[in-house]
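K.L.:
To start, I am sharing the structure in question, which I have written as structure tokens.
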Amino acid sequence: MSSRTDKIKGLDNEAAGNIEQGIGKTTCNENLQAEGQALNYSK
């Protein structure tokens, strides 16, 4: 894959992780927060 594609996928994962973390914090759902953090660290 190209560098550009990898960068886009990384940004996509980061955005999804941030959304999951935010929803997890709002709903006090620790599992969802952890999933969001995992997505952010998987890039």
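The values are calculated or read from the model by the stated rules, or taken from the named source; none is laboratory data. These numbers come from a predicted model, not from an experiment. Note that each Cβ is placed from the backbone with ideal geometry, even for glycine, and that neighbours are counted across all protein chains shown.
K.L.:
Is it true that L39 is crowded, with 16+ Cβ neighbours inside 10 Å, outside any loop (DSSP other than H, G, I, E, B), at pLDDT below 90 and among the hydrophobic types (A, V, I, L, M, F, W, C)?
P.N.:
Criteria met by L39.
K.L.:
Would you please list the contacts, defined by Cβ atoms under 6 Å and residues six or more apart or on different chains, that run from a residue in region 6-23 that is on the phi < 0 side of the Ramachandran plot to a residue that is charged (D, E, K, R) and surrounded by 13 or more Cβ atoms within 10 Å (Cβ to Cβ)?
P.N.:
G10/K43; N13/K43; E20/E35
K.L.:
Hey, does region 13-36 have a residue that's surrounded by 13 or more Cβ atoms within 10 Å (Cβ to Cβ), outside any helix (DSSP H, G or I) and at pLDDT 90 or above?
P.N.:
yes
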